[in-house]
Amino acid sequence: MTQDADLGRRRVAIEGIRPVVDGGQWPLKRTQGDVVEVEADIFGDGHDEVRAVLLYRRQGASSWSQAPLQFLNNDRWRGSFTVGQIGRYEYALRGWVDRYQTWRHDLTKRIAAHSDVSVDLLIGAELVEAAAARAKGADAERLAEFATLLRGEKTKTPATDRARLADDRALVDLMERYPDLSLATTLDPPLEVVVDRERARFSAWYELFPRSTSTTAGKHGSLADVQARLPYIAGMGFDVLYLPPIHPIGAAFRKGKNNATTAQPADVGSPWAIGAPDGGHKGVLKELGTLADFRQLVSAAGSRGIEIALDVAYQCSPDHPYVKEHPDWFRSRPDGTIQYAENPPKKYQDIYPFDFETSDWHALWEELRSVVLFWIEQGVKIFRVDNPHTKALPFWEWMIRTVKERHPEVLFLAEAFTRPKIMYRLAKMGFTQSYTYFSWRNTKQELTEYLEEIAAPAIRDFFHGNLWPNTPDILPEYLQSGQRAAFMARVLLAATLGANYGIYGPPFELCLSTSREPHSEEYLNSEKYEVISWQLDRPESLSEFIGKINRARRENRALQSDANLEFHPIDSEQLIAYSKRTSDNRNILIAIVNLDPYHTHAGTVELPLAKWGIAGDRPYEMEDLLSGKRYDWQGPRGWVDLSPHAVPGHLFRLQAR
């Protein structure tokens, strides 16, 4: 936008822009319908008046829309625009010296000092004539008339009377409509915003293994069995059903039960050991069904408001067709064998990772992208990506960007339990959501510090955390020892601290808490290596409790965003209190959770009523959305008593009277 030839003549500076990710290297993230608020320092030399506007457009549009900027103070300006469609937007700032407003301001001072303003009126007339040349039609004619009046050559009107024209509202509006932008400073290149659909911001995930969905004990489940399970999942209020890999499973080096290195003839292997002679990443395990069955599942789930999320695991079993067709896509060892996956001391002989340093990387990238495009054709719009931090970072930037150019509605969840900077980098490069460290944050201090970190605007601008209390790989110690109360507390925390959360079921709702061995987070008799028959109607099931939480999330917009989380003082280290609210304070939710799964704890919470627009002496009602009970409170302090043997938490909706 900026012309180098006039660079030295541009007198307005633009800096201190917010929001921006790494100085504009990466786009912001927003969801459809969001308002993007932009602030910047915009100023010029001397005392001339400065004007500024916010420019925005959907990427690819031929023209820019314009929004006003409000002057705050100390050269700080603020404006906003709404992102109405999914895809990419651009925004920029433009500032210029407003010679007319400067002239008008100085004219007022000269008149007050009783100075001769006849020459000043001629200067103003020239400014108005220049604006007339930029305008068209009736506006140009009207501006020309104002210029003539300012000159006074025809009417011989006294200068003091002509000076009053400077404040004529019609003239001021016309001059604002046709500013002189010839020496304007415009941010270049513009900044970007990736706009996703609402499910990027607000979602409830449920993970299950399709092979464990049969109602007949010991029988391998199918996609048809998953379809029969949909009413159960919908009844709990989940809107994303995540399936681990559904592809053919290799036989070579197949793992047995509990990750045994030697498999028995009946062992089914790990779904992440992808590929067999009859197919790879674009195939369906024959025991599960066919592609047609999968498409039918996607359709049936959609009719219940549930989307199917599919696992993308870029790795192969030794039996995968890629291994024979493209051996150069894998790393060879000096003895001629292919390097299998390792995380010392763990060994995964049944999995070959791709070598992203292969000289044939162009073809590898294209093929891996084709896997995602293939499943999009089958109706998948959400992908959970396995261990993206172990693959080349530039690949993800290219793959996600090019896929979303064709399919902007597609979402990607990064399963990257790794160092924070890598997690954040993956989010900046395009991943819509990410798993978090929530699984291992248990104390009030740990939860508060971590959630305040990822909910802070500078992080939230690009990182959408998805909170999971368990996964097939993670049975945290807290759940192993806390029994039912621990599971209730953790799902309540996950679903209300985060707008995106998920559980691995049925082990979670059935409160499965037995690890394979002491100090291990591996489940005993893990579904990763065998078919499990689940008794879903067990009396300890949390399905009804989870359903209440998800209903509260759907019915209360305050719980559908991470932008409004605030923790509150409560005088017990075992109780944590926090709130979420809408910007207009019409929907305020307060959660108070007992973090101790063994003992009752009580305490007094302090709420910021003034911030919420509630007078300190005004009574209000606290409706517990979990129990249905209502409590009358008055003043900022309230007392709670929570037993883990009942419901270890409150989820209050505040109703002002």
* Net charge near Ser643, counting Lys/Arg +1 and Asp/Glu -1 over other residues with Cβ under 13 Å of its Cβ? -> -1
* Pairwise label distance in nanometres, Glu126 with Arg142, each label 7 Å out on the Cα-Cβ vector -> 2.6
* Asked: Rolling a 1.4 angstrom probe over the protein heavy atoms, how many square angstrom per residue are accessible across the range 520-589?
  -> 44
* **Centre separation in Å (Cα based) which lies between the range 557-633 and the range 212-266** => 39
* **Rounded Å value of the spacing that divides the Cα centres of the range 48-112 and the range 482-522** => 50
* To do: Would you please put 153-162, 246-255, 439-448 in order of how densely packed they are, using the mean number of other Cβ atoms within 10 angstrom per residue and starting with the highest?
  => 246-255, 439-448, 153-162
* **Peptides ranked, highest mean first, by Cβ atoms within 10 Å: ranges 356-369, 464-477** => 464-477, 356-369
* Taking amide H positions as placed 1.01 Å from N in the peptide plane, with prolines and chain starts having none, which residues 5 or more places from Asp355, or on another chain, fall under 5 Å of its amide H? -> Phe330, Arg331
* Structure fact -> Among Gly33, Pro506, Tyr322, the residue whose Cα sits farthest towards the positive end of the charge dipole of the chain (+1 at Cβ of Lys and Arg, -1 at Cβ of Asp and Glu, taken about the Cα centre) is Gly33
* **Counted charge near Phe356, where neighbours are those whose Cβ lies closer than 14 Å (Asp, Glu -1; Lys, Arg +1)** => -4
* Structure fact -> Note on the chain: contact order normalised by length, alpha-carbon pairs under 8 Å, 6 or more apart, percent, works out to 10
* Estimated 222 nm signal from helices in the chain, with DSSP H stretches of n ≥ 4 weighted -39500 (n - 2.57), rounded to 500 -> -8500 deg cm²/dmol
* Please list the non-local residues whose amide H lies under 5 Å from the amide H of Ser533, H modeled 1.01 Å from N, same-chain partners needing a gap of 5 or more. => Gly218
* Asked: Quick one: helix 99-112 against the long Cα principal axis of the chain, what's the angle to the nearest 10°, folded into 0 to 90?
  -> 50
* Taking the Cα centre of the chain as the origin and placing charges on Cβ (Lys, Arg +1; Asp, Glu -1), which of Leu174, Tyr340, Tyr206 is farthest toward the positive end of the dipole? -> Leu174
* In terms of the ratio Rg/(2.2 N^0.38 Å) built on C-alpha atoms, what value belongs to the range 466-534? -> 1.07
* Could you tell me how many degrees, from 0 to 90 and to the nearest 10, lie between the Cα long axis of helix 118-134 and the main elongation axis, the longest principal axis, of the Cα atoms of the chain? => 50
* **Karplus-derived 3J(HN,Hα), 6.51/-1.76/1.60, for each residue of the range 460-473, Hz, glycine and proline x** => 5, 4, 9, 10, 10, x, 10, 8, 10, x, 7, 9, x, 9
* **Distance cut-off 14 Å, percentage of C-alpha pairs in the range 520-575 lying past it** => 76
* Using the heavy atoms of the protein chains and a 1.4 angstrom probe, tell me the accessible area per residue for the range 1-129 in square angstrom. => 54
* Structure fact -> Bounding extents of the chain in its principal axis frame from Cα atoms, largest first in Å, are 107, 68, 42
* Asked: What is the dipole size for the chain, taken about its Cα centre, with +1 at each Lys and Arg Cβ and -1 at each Asp and Glu Cβ, in debye to the nearest 20?
  -> 1020
* Could you give the dipole magnitude of the range 367-501 about its Cα centre, charging the beta-carbon of Lys and Arg +1 and that of Asp and Glu -1, in debye to the nearest 20? -> 100
* To do: Check cross-link reach from Lys381 to the lysines: straight Cα distance under 16 Å, and skip same-chain residues fewer than eight apart.
  => Lys282, Lys404
* Any idea what the dipole of the range 516-561 comes to, in debye rounded to 20, about its Cα centre with Lys/Arg Cβ at +1 and Asp/Glu Cβ at -1? -> 480
* Asked: What's the extension gain from Ala228 to Ser80 if we count 0.36 nm per residue and subtract their Cα-Cα distance?
  -> 48.6 nm
* Positive dipole terminus of the chain, leading residue within Thr290, Asn259, Val20 (C-beta point charges) -> Thr290
* Length-normalised contact order of the range 150-275 in % [C-alpha pairs under 8 Å, at least 6 apart] -> 16
* Asked: Using a basic spin-label model with each label point 7 Å from the Cα along Cα→Cβ, how many nm lie between Glu37 and Asp6?
  -> 3.3
* For the Cα atoms of the chain, what angle does the longest principal axis make with the long axis of helix 361-377, in degrees from 0 to 90, nearest 10? -> 90
* Asked: Tell me, what % of the accessible area of the chain is carbon and sulfur with a 1.4 angstrom probe?
  -> 48
* Asked: So which of Lys444/Lys611; Lys346/Lys528; Lys255/Lys391 end up more than 18 Å apart by C-alpha?
  -> Lys444/Lys611; Lys255/Lys391
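The values are calculated or read from the model by the stated rules, or taken from the named source; none is laboratory data. If you're wondering where the values come from, they're calculated on a predicted model, not measured in any experiment. Don't worry about glycine lacking a Cβ; one is built from the backbone with ideal geometry, like all the others, and counts go over all protein chains shown. The protein model used for the area step is the full one, side chains on, heavy atoms only, and it has no ligands, DNA or RNA in it. Shrake-Rupley method; radii C 1.70, N 1.55, O 1.52, S 1.80 Å.
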